[in-house]
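Q: Pasting a structure below so you can have a look.
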Amino acid sequence: MDSTGSKMNDYRGLLKAYHEHLSRCPNERLYLGLTHNLGGLPDPSLEEVALSVSHARHLLAMLTDVDKGNLSFDDRLDLDLMRLTLERQIHDKTLRFNGKSMAEQCPVAGQQIGDGLFVLMVNDPRPPTIRLGLIVERIEKIPGYLDALLERLNTPVARWVSMEKEQLQGLRGLFDTLEQWAVEEAWSGLSRLRAARATAQLAIEEYLSGLGDLPTTQSFHIGEAEARRVVQLRGIEMSIEELHVHAKRFLARNQETLNALRIRLIDKYDLCESTTIEQLHEFLNKRFSVNVSNDRLEDILDIYKAENDKIVAFISEHDLFDIFEDQDIKIIRTPQFLATSIPAGAMMSPPPFRDGTKTSLVYLTLSEELLDEHTHLGIPGMMIHEGIPGHHLQLANAALHPSIVRRHFEAMEHAEGWTTMLEDYMLDVGYMGDLTDEARFIGKLDINRIGARVAIDLFFMTGDRDYLKVTPVELDFSSDDPFELAGTLLQAVTGFTNERTQAELNWYSQERGYPLSYLTGNVLVWELKQDMMTNQTDDCDERHLDRVFHRLYLQSGNMPVSYLRRVAEHEGLLD
């Protein structure tokens, strides 16, 4: 074979090895929609972490040997995406703070155990007997998994230990549901499931006891240099100083919009002229509250499902987005073991390598305290963000992309920039009709969170509380508790309940670079759209240009927005 053929084989071999590397973990295989070796739990040992890093470095060496000159534009772009993924994975797993790795300081049993069991139960198309068999295999492996996890932990972060305890306590309810399901199916392995559950629960209690005996630390900052690297490895081509400036500008503009809306709504509802933004928020929450019969919080799920149908009908009527047929959304209540880290709602995207209907799970966190998060003004925004045309439509399309690399890739500023852009766009095109001002007021108050998230993410990473200074209002940042400091800012700009605030801060602290992706993506997506529209010389109406942009975004697959700009240039949509 000639040298060109050899290089092409190197690329194909790299793709195969890359896919195998990212599919090593049983949970990852499950989330990806693969069907082999799903009855295990992840190996939590430090030896496995080191082996994964070694594999990633080997793949980077293979990648360097590929001759880019013989590849198509898409293959060259995918090669760059692979490099970014591998470098980020190596960084995440070798990053040290407090003199230790993340793996040594972050207990993850609740999520690693619960997520897989829950997905097998609610979002797997195979027969119940197959799924229950895999579930019981996983439950039987819990004691060994917990022993190995406890062995790797060394002075974990105190807040993360608290999160772990809450999540593991929530597993009891999940076990109850699994057992009830097995009974309803008259599954022959019921006695085996019950025995495995009993053993697992004892192991969880022993693990929690051992976890409680470990010394903990309050410190989880990684420092400025590492924070810069985190941002860079997400494909974000802005400095942390630029991100901080964007946060201040965003919150200032948002405040101007809120003040203008406050004046209009005071006049519309004949309220006292001195009514504050906070008072108006409370008034609208009460006026547009949902009716829950006999304290059945689950009734709210039906309202969300009906709203999704209305949104799809509106989109079809106005031909705004292409919605393919073989997709579905399941709207469910957030399971208890996940409630500590899902503040109001979240979405689990369609497994990208699973054949058949592309199905997403939309989680909604319901409680009496969180009822104000679910009103007839807030529900449309939530469904636009999490469902159609938001995350579900975007990631269901991404799961259809032929590129293995893009189906693996996670680009949070690409995903969150799309959805936060849509929250405004759908109001701009008239979805809420006569309630546009009311919905925009609620939405703008809620979306203040993405400005605060930049500030808190940068503070949590660097430890520099100056990053929290993003509002003109002086706030009390004298506390030594980083969570109290961050909560002061978040509640000041959003009015979130304490329950939602604490849940937000939980995941901010562990998902470095993700919280800041919302505003970063929002800025980059609007810039890209505006640049594309300015570049069009044809005499086209605005809705047509919208559809061109939407199709580019939905059909290009997952990648950082900076890479999507390269696609737009390649397609002749940008100079």
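The values are calculated or read from the model by the stated rules, or taken from the named source; none is laboratory data. Keep in mind it's a predicted model, so treat the numbers as computed, not measured. Every residue, glycine as well, gets a Cβ built from its backbone with ideal geometry; the counts of neighbours run over all protein chains shown.
Q: Every residue in the stretch 89-123 that is assigned to a strand (DSSP E or B) and without any contact (Cβ under 8 Å) to a residue 12 or more places away in the chain, please.
A: As a first pass, look at the stretch 89-123 and keep what is assigned to a strand (DSSP E or B): 96-97, 100-101.
Result: R96, single match.
Q: So is F483 touching a helix residue (DSSP H, G or I) at 6+ places or on another chain (Cβ under 7 Å) and modelled with pLDDT of 95 or more or not? So that I can check it myself, show each step before the final result.
A: Details: touching a helix residue (DSSP H, G or I) at 6+ places or on another chain (Cβ under 7 Å): yes; modelled with pLDDT of 95 or more: yes.
In short, yes.
Q: What about F97, is it hydrophobic (A, V, I, L, M, F, W, C), crowded, with 20+ Cβ neighbours inside 10 Å and closer than 26 Å to N506 by Cβ?
A: Taking the combined requirement at face value, the residue does not satisfy it.
Q: Same structure again: If T275 satisfies every condition in (1) among the β-branched types (V, I, T); (2) modelled with pLDDT of 95 or more; (3) closer than 30 Å to R172 by Cα but one, which is the exception?
A: Against the list (1) among the β-branched types (V, I, T); (2) modelled with pLDDT of 95 or more; (3) closer than 30 Å to R172 by Cα, T275 comes up short only on (3).
Q: Something else: So which residues in the stretch 548-575 are of a type in the set (S, T, N, Q) and not in a helix (DSSP H, G or I), if there are any at all? So that I can check it myself, show each step before the final result.
A: The initial filter retains those residues of the stretch 548-575 that are of a type in the set (S, T, N, Q), namely 555-556, 558, 562.
Of everything in the stretch 548-575, those that are of a type in the set (S, T, N, Q) and not in a helix (DSSP H, G or I) turn out to be S556, N558.
Q: Enumerate the pairs (first residue in the stretch 15-35 and over 16 Å from R131 (Cα atoms); second residue anywhere and outside any loop (DSSP other than H, G, I, E, B) and of a type in the set (V, I, T)) with beta-carbon separation below 8 Å, excluding pairs fewer than 6 apart on the same chain, so at least 6 apart or on different chains.
A: Close Cβ pairs (under 8 Å, with a partner that is outside any loop (DSSP other than H, G, I, E, B) and of a type in the set (V, I, T)) amount to L15/I404; L15/V405; Y18/I404; Y18/V405; H19/I404; L22/T85.
Q: Quick one: G513 ticks every box in (1) in a loop (DSSP other than H, G, I, E, B); (2) under 26 Å from D75 (Cα atoms) except a single one, so which number is it?
A: The number of the failed condition is (2).
Rundown of residues vs (1) loosely packed, with under 14 Cβ neighbours inside 10 Å; (2) under 25 Å from the mean Cα position of the chain (by Cα); (3) more than 20 Å from G235 (Cβ to Cβ), yes/no style:
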residue: K529; (1), (2), (3): no, yes, no
residue: F549; (1), (2), (3): no, yes, no
residue: L552; (1), (2), (3): no, yes, no
residue: Q555; (1), (2), (3): yes, yes, no
residue: P560; (1), (2), (3): no, yes, no
residue: R565; (1), (2), (3): no, yes, no
residue: D575; (1), (2), (3): yes, no, yes
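Q: Mind listing just one residue for me: the one in the stretch 294-335 that is outside any helix (DSSP H, G or I) and at pLDDT below 85 and, of those, farthest from S360 (Cα to Cα)?
A: So the residue we want is R296.
Q: Also, quick follow-up: Considering every residue within the stretch 129-141, establish whether at least one is at pLDDT below 95 and either β-branched (V, I, T) or assigned by TED's automatic domain parsing to the domain that holds Y508 (or both).
A: Of the residues in the stretch 129-141, the ones at pLDDT below 95 are none.
Checked against the condition, which is being at pLDDT below 95 and either β-branched (V, I, T) or assigned by TED's automatic domain parsing to the domain that holds Y508 (or both), the stretch 129-141 yields no hits at all.
Q: In this structure, is A17 of a type in the set (G, A, S), surrounded by 18 or more Cβ atoms within 10 Å (Cβ to Cβ), more than 27 Å from Q201 (Cα to Cα) and at pLDDT 95 or above?
A: No, not satisfied.
Q: Now for a different question. Has the stretch 494-506 got any residue that is over 23 Å from the mean Cα position of the chain (by Cα) and among the basic types (K, R)?
A: Within the stretch 494-506, the first condition is being over 23 Å from the mean Cα position of the chain (by Cα), and the residues that meet it are none.
Looking through the stretch 494-506, none of the residues is over 23 Å from the mean Cα position of the chain (by Cα) and among the basic types (K, R).
Every residue, every condition in (1) under 30 Å from S556 (Cβ atoms); (2) in the same structural domain as Y31 (by TED's automatic domain parsing); (3) surrounded by fewer than 22 Cβ atoms within 10 Å (Cβ to Cβ), yes or no:
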residue: H385; (1), (2), (3): yes, no, no
residue: A399; (1), (2), (3): yes, no, no
residue: V405; (1), (2), (3): yes, no, no
residue: D434; (1), (2), (3): no, no, yes
residue: L445; (1), (2), (3): no, no, no
residue: L458; (1), (2), (3): yes, no, no
residue: E474; (1), (2), (3): no, no, yes
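Q: Next question, about the same structure. Tally the residues that are in a helix (DSSP H, G or I) and loosely packed, with under 13 Cβ neighbours inside 10 Å, restricting the search to the stretch 265-293.
A: Adding up the residues that qualify gives 6.
Q: Residues of the stretch 22-49 being over 22 Å from the mean Cα position of the chain (by Cα) and in a helix (DSSP H, G or I), which ones?
A: If the condition is that a residue be over 22 Å from the mean Cα position of the chain (by Cα) and in a helix (DSSP H, G or I), then L46, E47, E48, V49 are the ones that fit.
Q: Right, something else. Only one of T155, T177 is surrounded by fewer than 17 Cβ atoms within 10 Å (Cβ to Cβ), of a type in the set (V, I, T) and closer than 23 Å to D43 by Cβ; which?
A: Of the residues listed, the single one that is surrounded by fewer than 17 Cβ atoms within 10 Å (Cβ to Cβ), of a type in the set (V, I, T) and closer than 23 Å to D43 by Cβ is T155.
Q: Pick out the one residue from E241, E226 that is touching a Phe, Trp or Tyr at 6+ places or on another chain (Cβ under 8 Å), surrounded by fewer than 20 Cβ atoms within 10 Å (Cβ to Cβ) and modelled with pLDDT of 95 or more.
A: Exactly one residue qualifies, and that residue is E226.
Q: If you don't mind, another one. Working only within the stretch 150-186, note down all residues that are of a type in the set (S, T, Y) and modelled with pLDDT under 95.
A: T177
Q: So which residues in the stretch 469-490 are closer than 15 Å to I450 by Cβ and assigned to a helix (DSSP H, G or I)?
A: Residues satisfying the conditions are A486, L489, L490.
Q: Next question, about the same structure. Under 7 Å between Cβ atoms, which residue pairs at least 6 apart in sequence (or on different chains) link something in the stretch 463-487 that is over 23 Å from F97 (Cβ atoms) with a partner that is surrounded by 15 or more Cβ atoms within 10 Å (Cβ to Cβ) and β-branched (V, I, T)?
A: Every condition considered, the pairs that remain are T471/V493; L475/T488; D476/T488.
Q: Next up: Can you tell me which of E499, E542, E504 is farther than 19 Å from Q394 by Cα and at pLDDT 90 or above? Show your work before the answer.
A: Numbers: E499 fails: at pLDDT 90 or above; E542 fails: at pLDDT 90 or above.
Only one candidate qualifies: E504.
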